[in-house]
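*Asks:* Below is one structure. I have some questions about it.
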Amino acid sequence: MSEPSVRDFYDDLAHDYHLMFRDWDASMAYQAEALGALIRQHLGAGPHTVLDCSCGIGTQAIGLARAGHQVIGSDLSPIAAARAATEAAVRGNRLPVAVADMRQLPFSDSSFDVVLCADNSLTHLLSGQDLRTALVGMRRVLRDEGLLVITVRAYADPRRTKPTSMPPQVTQTRDGQAITFQLWHWHEDGERYDLEHFQLIPAKDTWQVRVRRTTHWALTPPQLTEFVTEAGFTNIAWRSPASSGYYQPVLTAYRAPSAQ
């Protein structure tokens, strides 16, 4: 992963990120309900201490905080993290945030009941070494038998079909309809792709066109399962959107108890 390119991508996107949702507040509530149900199934009612280590502008963290969990958000983008704290405060919640690379989490050992890495964020890590470093760090900050929750795109089919674009998302704003879409440019290895993220923002009688670029590793469930196992997690399970209610496939795993 080129850290500056990923940070710059999300710094630039932070102001417009909510435009990828038809209704951002409704999506926050829906995602918190689905993720909260998974947490309850694994750890009980709570409330629980949760680290959202790729919090962005707070789409998951704010909803979980509003549900009563003690949430801390961290993100590589200082602009996104600052907006997450602001958006939480506007809604009457407190969300402490930190600017941090998920490969270097600045938290004490065994600090959290749950570590969440959602919205396909993990796939910005483009090498096995970076993935291992991040996952070992997530394990370190979890308490014994704490819960890891990762959500990623369903990449099995795209790895075979190599799509070059994603369907557009249209969002109603005060000034008209904003349109978001993506172009994908696959690398020769067939696993990684450069993403061009386009947003057409209405501006009086014309459009503002905003283009951001980043790279993802289209990890399949068996690949990610192997990395999570190597990092020291147990009871690894996958849930489809149909079974979890969440819009992406979800991996859950436990931190194994420390040796006595």
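*Asks:* Being basic (Lys, Arg) and closer than 24 Å to residue 164 by Cβ is the filter; apply it to the range 200-255 and report the residue that is least open to solvent (accessible area, probe 1.4 Å).
*Replies:* 212
*Asks:* Have a look at 70, 31 and point out the one that is under 24 Å from residue 134 (Cα atoms), modelled with pLDDT of 95 or more and over 14 Å from the mean Cα position of the chain (by Cα).
*Replies:* The match here is 70.
*Asks:* Among the residues of the range 49-60, which ones are touching a Phe, Trp or Tyr at 6+ places or on another chain (Cβ under 8 Å) and either part of a loop (DSSP other than H, G, I, E, B) or open to solvent by 10 Å² or more (accessible area, probe 1.4 Å) (or both)?
*Replies:* 49, 56, 57, 59
*Asks:* Among the residues that make up the range 17-28, is at least one of them of a type in the set (Ser, Thr, Tyr) and assigned to a helix (DSSP H, G or I)?
*Replies:* Yes, because at least one residue in the range 17-28 is of a type in the set (Ser, Thr, Tyr) and assigned to a helix (DSSP H, G or I).
*Asks:* Please find, within the range 116-139, the residue that is least open to solvent (accessible area, probe 1.4 Å) out of those that are of a type in the set (D, E, K, R) and over 16 Å from the mean Cα position of the chain (by Cα).
*Replies:* Here the answer is 130.
*Asks:* Given 29, 14, 37, 45, which one is free of Cβ contacts under 8 Å to residues at least 24 places away in the same chain and not aromatic (Phe, Trp, Tyr)?
*Replies:* Only one candidate passes the filter, namely 45.
*Asks:* A follow-up question, please. Of all residues in the range 144-170, which are open to solvent by 10 Å² or more (accessible area, probe 1.4 Å) and part of a strand (DSSP E or B)?
*Replies:* 144, 145, 165, 166, 167, 168, 169, 170
*Asks:* Which of the residues spanning the range 39-48 are more than 19 Å from residue 141 (Cβ to Cβ) and either touching a Ser or Thr at 6+ places or on another chain (Cβ under 8 Å) or part of a helix (DSSP H, G or I) (or both)?
*Replies:* 40, 41 - these are the residues of the range 39-48 that are more than 19 Å from residue 141 (Cβ to Cβ) and either touching a Ser or Thr at 6+ places or on another chain (Cβ under 8 Å) or part of a helix (DSSP H, G or I) (or both).
*Asks:* Next question. Conditions: (1) in a helix (DSSP H, G or I); (2) under 16 Å from the mean Cα position of the chain (by Cα). Residue 8 meets all but one. Number of the miss?
*Replies:* (2)
*Asks:* While we're on this one: Can you tell me which residue is least open to solvent (accessible area, probe 1.4 Å) among those in the range 171-195 that are without any contact (Cβ under 8 Å) to a residue 24 or more places away in the chain and over 18 Å from residue 216 (Cα atoms)?
*Replies:* Result: 179.
*Asks:* A follow-up question, please. Is there any pair linking a residue in the range 196-208 that is without any contact (Cβ under 8 Å) to a residue 24 or more places away in the chain to one that is aromatic (Phe, Trp, Tyr), with Cβ under 7 Å and at least six apart or on different chains, and which?
*Replies:* From the range 196-208, the pairs are 198/181; 200/207.
*Asks:* Which of the residues belonging to the range 251-260 are outside any loop (DSSP other than H, G, I, E, B) and over 18 Å from the mean Cα position of the chain (by Cα)?
*Replies:* 254, 255
*Asks:* Mind listing whichever residues of the range 106-143 are in a loop (DSSP other than H, G, I, E, B) and touching a residue at least 60 places away in the same chain (Cβ under 8 Å)?
*Replies:* Passing the criteria: 111, 118, 119, 120, 125, 126, 127.
*Asks:* Residue 248 fails exactly one of the following numbered conditions: (1) touching a residue at least 40 places away in the same chain (Cβ under 8 Å); (2) in a strand (DSSP E or B). What is the number of that condition?
*Replies:* Condition (2) is where residue 248 drops out.
*Asks:* Within the range 23-47, work out how many residues are farther than 24 Å from residue 173 by Cα, surrounded by fewer than 22 Cβ atoms within 10 Å (Cβ to Cβ) and touching a His at 6+ places or on another chain (Cβ under 7 Å).
*Replies:* The total comes to 2.
*Asks:* Does residue 113 meet the test of being open to solvent by less than 40 Å² (accessible area, probe 1.4 Å), of a type in the set (D, E, K, R), farther than 23 Å from residue 125 by Cα and out of contact with any Phe, Trp or Tyr (no Cβ under 9 Å at 6 or more places or on another chain)?
*Replies:* yes
The values are calculated or read from the model by the stated rules, or taken from the named source; none is laboratory data. Owing to the predicted nature of the structure, the values given are computational and were not obtained by experimental measurement. Don't worry about glycine lacking a Cβ; one is built from the backbone with ideal geometry, like all the others, and counts go over all protein chains shown. In case anyone asks, the SASA skips ligands and DNA or RNA and just uses the protein heavy atoms, side chains included. Shrake-Rupley method; radii C 1.70, N 1.55, O 1.52, S 1.80 Å.
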